[in-house]
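Taking it in order: structure first as structure tokens, then the write-up.
The values are calculated or read from the model by the stated rules, or taken from the named source; none is laboratory data. Not measured: the values here are computed from a predicted model. No Cβ is skipped: glycine too gets one built from the backbone with ideal geometry, and neighbour counts run over all protein chains shown.
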Amino acid sequence: MDASEAVEAVISAARAFMGDRLSVNRTVREQHSRGEDTTPPTLPDAVAFAETTEEVSRLLALCHQHGVAVTPFGAGTSLEGHVNPVRRGVSLDLSRMTAVLEVNEEDMDCLIEPGVTRQALNAFLRDKGMFFPVDPGSHCTIGGMCATRASGTNAVRYGTIRENVLGLEVVLADGRVIETGGRTRKASNGYDLTRLFIGSEGTLGVITKVRLRLHGIPEAVSAAVSQFPTLEAAVETVITVMQSGIPVARIELLDDDQMEACIRYSKLTGFAAAPTLFLEFHGSPAAVREQAAAVETIARDFGAASFAWATEAEERNRLWQARHDAYWAAVALKPGHRGITTDVCVPISRLAEAVVGAKATARDSGLTSCIVGHVGDGNFHCLILFPEGDPEALERAWALDRAIVAQGLALGGTCSGEHGIGLGKREFLEQEHGAEALAVMRGLKTSLDPRGILNPGKMFRN
Ligand SMILES: Cc1cc2nc3c(=O)[nH]c(=O)nc-3n(C[C@H](O)[C@H](O)[C@H](O)COP(=O)(O)OP(=O)(O)OC[C@H]3O[C@@H](n4cnc5c(N)ncnc54)[C@H](O)[C@@H]3O)c2cc1C
């Protein structure tokens, strides 16, 4: 049987149990041909909209039997070519698996299907006094977040998705279904398979259920915005705050260009286009006041020009919405342009060198770029704009991306704090981990997916 006969065999067998939810419609296939990235799109042969674990299992067993590639797809917001089905086959869309299956209020955990978004989960939880804190700036699925080891603005206080997943249900490449982890807050009971699948980018298994830790909505929340004369002063403030152990809930950096973009896009009046920190504090009213006063003292010591409070929920939401829209604000700076974004993360003590170095390198390149970052974790993004449809400019943008990553690696950092490897960051994997560690990763892949059907071409260069 050749490759196209194998695909036909899978499509006709899967139709028997999925019906029209196994689509070969061109528009649907185009929608699954790439994510929010700049890789040339690839059309999958078919798109399967799964609704149950059993369907995922039957589909994977078929694809395993016939050697057909399967690329799991959540919301397609990933930024490194993760969902581009480079070997065609089936794009497996999990976005219709949206049930919240259990909420255990006493233990503060829940069990959900992978297509649930964090916005939907938080709307569901609101009247229970709990929330799920991991908040990427996109409308993505929690399955996709697990697969990319995502994080967001709250990670400095509540951790990334890795710290907030207690267990998973995973369908393996041959259709077997396993459960990992459990409901306890800790366990010393064998290999940590949950952590193996977190960040595996759809290359080791398909996540069909997720058990999450939840958190109590804090009694008091306050936000502040502090503006600085220089980027160094803003970053040095972050480093000192983190080294002082002040438990800030959010501490986000926007450079002058990003502030200008947000002022225009989100109508953020009353602020200057200057390096800025957005901060949020959670706790009792007294604790929140104390934390904020301590941060204000540090910011003033570094020459902060302002430290403005936002205690009203409406004003706070306006600020954080502007922060979440930073990517779209930056892209809107230059009509007809698209963006690629770096994701360097460095040890906190090297953050000033990394951010200031990235800004200088970006300025020298002549390309328009903005810096925004979850700097409390040492993670920042340089969003690089290039005219759409100009391959030479895209190549210059990638060269700048690579130069900033090289600077981050030289400071003991990583090429990706949260977006993942996909296609775009494969070249850095061996450099970061070494050949032996990479061989162990490949061994794991072969053991779990011997026929190499799951999201082939990603993570490793061949
Ligand atoms: C404007 C914007 C802002 C962003 N901000 C952030 C941010 O702050 N923090 C951050 O971490 N990321 C951010 N991202 C990146 C992106 O949103 C995350 O990587 C997100 O976790 C991807 O989720 P998704 O549902 O879109 O997954 P997809 O893009 O559909 O898939 C991502 C990867 O996960 C795999 N996958 C998806 N679902 C499953 C599943 N159920 N089982 C197994 N594998 C699966 C896919 O095969 C693919 O490899 C941002 C993106 C945009 C466009």
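If G159 meets every condition in (1) within 13 Å of the ligand (Cβ to nearest atom); (2) surrounded by 22 or more Cβ atoms within 10 Å (Cβ to Cβ) apart from one, which number is that one?
(2)
Of the residues G389, G373, G339, G357, only one is outside any helix (DSSP H, G or I) and either over 19 Å from the mean Cα position of the chain (by Cα) or β-branched (V, I, T) (or both); which?
Of G389, G373, G339, G357, the one residue that is outside any helix (DSSP H, G or I) and either over 19 Å from the mean Cα position of the chain (by Cα) or β-branched (V, I, T) (or both) is G389.
Answer with yes or no whether F428 is free of Cβ contacts under 8 Å to residues at least 24 places away in the same chain, crowded, with 16+ Cβ neighbours inside 10 Å and not assigned by TED's automatic domain parsing to the domain that holds A147.
Criteria met by F428.
Among the residues of the stretch 65-121, write down those that are among the aliphatic types (A, V, I, L, M), closer than 29 Å to Q321 by Cα and either in a helix (DSSP H, G or I) or in contact with a helix residue (DSSP H, G or I) (Cβ under 7 Å, 6 or more places away or on another chain) (or both).
A75, L94, V100, V103, I112, V116, A120, L121
Can you tell me which of R442, R396, R402, R350 is more than 16 Å from the ligand (Cβ to nearest atom), modelled with pLDDT of 95 or more, closer than 27 Å to G245 by Cα and of a type in the set (K, R)?
R350
Looking at the stretch 197-223, which of its residues are hydroxyl-bearing (S, T, Y) and within 29 Å of F460 (Cα to Cα)? Let's see the steps before the verdict.
The initial filter retains those residues of the stretch 197-223 that are hydroxyl-bearing (S, T, Y), namely 200, 203, 208, 222.
Once the filter is applied, which keeps residues that are hydroxyl-bearing (S, T, Y) and within 29 Å of F460 (Cα to Cα), the stretch 197-223 yields S200, T203, T208.
So A173 ticks every box in (1) part of a loop (DSSP other than H, G, I, E, B); (2) within 11 Å of the ligand (Cβ to nearest atom); (3) touching a Cys at 6+ places or on another chain (Cβ under 9 Å); (4) farther than 30 Å from V241 by Cα but one. Which box is left unticked?
(2)
State all residues of the stretch 143-168 that are of a type in the set (S, T, N, Q), assigned to a loop (DSSP other than H, G, I, E, B) and touching a Pro at 6+ places or on another chain (Cβ under 8 Å); if no residue qualifies, say none. First the steps, then the outcome.
Going through the stretch 143-168, the residues of a type in the set (S, T, N, Q) turn out to be 148, 151, 153-154, 160, 164.
Still in the running and assigned to a loop (DSSP other than H, G, I, E, B): 151, 153-154, 160.
Across the stretch 143-168, the qualifying residues are S151, N154.
Output the residues belonging to the stretch 176-201 that are more than 10 Å from the ligand (Cβ to nearest atom), part of a helix (DSSP H, G or I) and of a type in the set (A, V, I, L, M, F, W, C).
L193, L196
In the list A147, A123, which residue meets the criterion of being farther than 21 Å from D93 by Cβ and either surrounded by fewer than 21 Cβ atoms within 10 Å (Cβ to Cβ) or within 12 Å of the ligand (Cβ to nearest atom) (or both)?
Residue meeting the stated conditions: A123.
Considering S200, S188, which residue is assigned by TED's automatic domain parsing to the domain that holds G167 and surrounded by fewer than 23 Cβ atoms within 10 Å (Cβ to Cβ)?
Only one candidate passes the filter, namely S188.
Check off (1) of a type outside the set (D, E, K, R); (2) more than 10 Å from the ligand (Cβ to nearest atom); (3) surrounded by fewer than 24 Cβ atoms within 10 Å (Cβ to Cβ) for G137 and give me the number that stays unchecked.
That leaves (2) as the condition not met.
Would you check if P72 is assigned by TED's automatic domain parsing to the domain that holds E179, near the ligand (Cβ under 9 Å from one of its atoms), crowded, with 24+ Cβ neighbours inside 10 Å and not polar (S, T, N, Q)?
Working: assigned by TED's automatic domain parsing to the domain that holds E179: no; near the ligand (Cβ under 9 Å from one of its atoms): yes; crowded, with 24+ Cβ neighbours inside 10 Å: yes; not polar (S, T, N, Q): yes.
It is false that P72 is assigned by TED's automatic domain parsing to the domain that holds E179, near the ligand (Cβ under 9 Å from one of its atoms), crowded, with 24+ Cβ neighbours inside 10 Å and not polar (S, T, N, Q).
Going by what's in this entry, would D109 be described as surrounded by fewer than 16 Cβ atoms within 10 Å (Cβ to Cβ) and either among the acidic types (D, E) or assigned by TED's automatic domain parsing to the domain that holds H139 (or both)?
When the stated conditions are applied, D109 does not pass them.
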